[in-house]
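> One structure follows; several queries about it will come next.
The values are calculated or read from the model by the stated rules, or taken from the named source; none is laboratory data. Bear in mind that the values here come from a model prediction, so they are computed numbers and not experimental data. Here the Cβ positions follow ideal geometry from the backbone for every residue, glycine too, while neighbour counts run over all protein chains shown.
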Amino acid sequence: MKVAAIQMVSGSAVAANLAQARQCLEAAAQAGAELAILPEYFCLMGQRDADKLLISEPFGTGPIQQFLSEVAHGLGLWVVGGTLPICAPAQENRVFNSSLVFNPQGLCVARYDKMHLFRFNNGTEHYDESLVLASGTEPVHFDLPSRDGHLWRIGLSVCYDLRFAELYRHYAQAGAHLLLAPSAFTYTTGQAHWELLLRVRALENLAYVGAAAQGGVHDNQRHTWGHAMLVDAWGKVLAERAEGAGVVLADLSWDALQQCRSRLPALQHRML
């Protein structure tokens, strides 16, 4: 199954971001991708955290969700819509950071709300997603019947979730073959930990990992690490892109995955 991890440098104009996303999705489809993953905050990297509230949509309706539906259907592509702000009715002035999955018929078949909210302060940089985001509560996976004749089980996560190994072990126990992590890692944390976390999540769960990313300097002056990549179950980076908008492509082999799990059946050796 050919998978595309998309890298963007989103800004504060939603229309321009959607145009950039469409261009990358079209390139992925033209290259033969069956599944394409957009990065976290693909639709908006605002000037302020509260800008997410201004473009939030009720689940099931709204221009960003309509865009994802139409482009998935138009390109005949499975699309994971990075994240977009979905209304949290019970929590005033907060939204869910939601990853929505659309099938080639344009139907939303899965929704994952980011569970772990990023907080970081090194004295010069400060982030606290809990000021505007509500936490999700449930892991979510979906099944993709691939052109290769296999049914791929795919676990959903977002960015900071990567630091919490128990989420991915949950997916491994549920039979996941591919783990997705659309992200917007800061340059500081990405430089130190991004590739390490992705490769460890892959090899400890004997699963492929697909990580779309924000990668560059945004118009709010935030600098994201980038390095969108696809990693195999042995922890090998199959393809990556350092910075700038573009598409990272790799063929994920079902047979290679099964061989890896057969050679080293670590998932069968767990004691706790």
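> For residue 238, state whether it is assigned to a strand (DSSP E or B) and free of Cβ contacts under 8 Å to residues at least 24 places away in the same chain.
Working: assigned to a strand (DSSP E or B): yes; free of Cβ contacts under 8 Å to residues at least 24 places away in the same chain: yes.
Spelling it out, residue 238 is indeed assigned to a strand (DSSP E or B) and free of Cβ contacts under 8 Å to residues at least 24 places away in the same chain.
> Right, another one. Would you mention how many residues in segment 63-86 are under 15 Å from residue 113 (Cβ atoms) and part of a helix (DSSP H, G or I)? Even if it seems obvious, please write down each step before you answer.
Residues of segment 63-86 that are under 15 Å from residue 113 (Cβ atoms), as a first pass: 65, 80-86.
Next, from what is left, pick out any that are part of a helix (DSSP H, G or I): 65.
Qualifying residue count for the region: 1.
> In addition: Quick one: count up the residues across segment 116-127 that are within 15 Å of residue 52 (Cβ to Cβ) and modelled with pLDDT of 95 or more. Break it down stepwise before answering.
Of the residues in segment 116-127, the ones within 15 Å of residue 52 (Cβ to Cβ) are 117-118, 127.
Restricting the remaining residues to those that are modelled with pLDDT of 95 or more gives 117-118.
Of the residues in segment 116-127, 2 are within 15 Å of residue 52 (Cβ to Cβ) and modelled with pLDDT of 95 or more.
> Looking at segment 174-196, which of the residues that are touching a residue at least 40 places away in the same chain (Cβ under 8 Å) and more than 18 Å from residue 8 (Cβ to Cβ) is surrounded by the most Cβ atoms within 10 Å (Cβ to Cβ)? If you could, list the steps in order and put the result at the bottom.
Here is the first cut: in segment 174-196, the residues touching a residue at least 40 places away in the same chain (Cβ under 8 Å) are 177-178, 180, 182-186, 188-189, 195.
Narrowing the set further to residues that are more than 18 Å from residue 8 (Cβ to Cβ) leaves 177-178, 188-189, 195.
Details: 177: 27, 178: 24, 188: 14, 189: 19, 195: 18.
So the residue we want is 177.
> Please go through segment 171-197 and give me each residue that is farther than 28 Å from residue 148 by Cβ and of a type in the set (Ser, Thr, Tyr), ordered by number.
Correct list: 186, 187, 188, 189.
> Checking residue 215 against (1) at pLDDT 95 or above; (2) outside any strand (DSSP E or B): exactly one of these is not met. Which one?
The single condition residue 215 does not satisfy is (2).
> Residue by residue through segment 33-62, note down the ones that are in contact with a strand residue (DSSP E or B) (Cβ under 9 Å, 6 or more places away or on another chain), touching a residue at least 60 places away in the same chain (Cβ under 8 Å) and assigned to a loop (DSSP other than H, G, I, E, B).
Selection gives 33, 34, 38, 39, 40, 41, 42, 45, 49.
> With the structure loaded, tell me whether residue 7 is surrounded by fewer than 19 Cβ atoms within 10 Å (Cβ to Cβ), touching a residue at least 40 places away in the same chain (Cβ under 8 Å) and touching an Asp or Glu at 6+ places or on another chain (Cβ under 9 Å) or whether it fails that test.
Numbers: surrounded by fewer than 19 Cβ atoms within 10 Å (Cβ to Cβ): no; touching a residue at least 40 places away in the same chain (Cβ under 8 Å): yes; touching an Asp or Glu at 6+ places or on another chain (Cβ under 9 Å): yes.
Against the criterion (surrounded by fewer than 19 Cβ atoms within 10 Å (Cβ to Cβ), touching a residue at least 40 places away in the same chain (Cβ under 8 Å) and touching an Asp or Glu at 6+ places or on another chain (Cβ under 9 Å)), residue 7 does not qualify.
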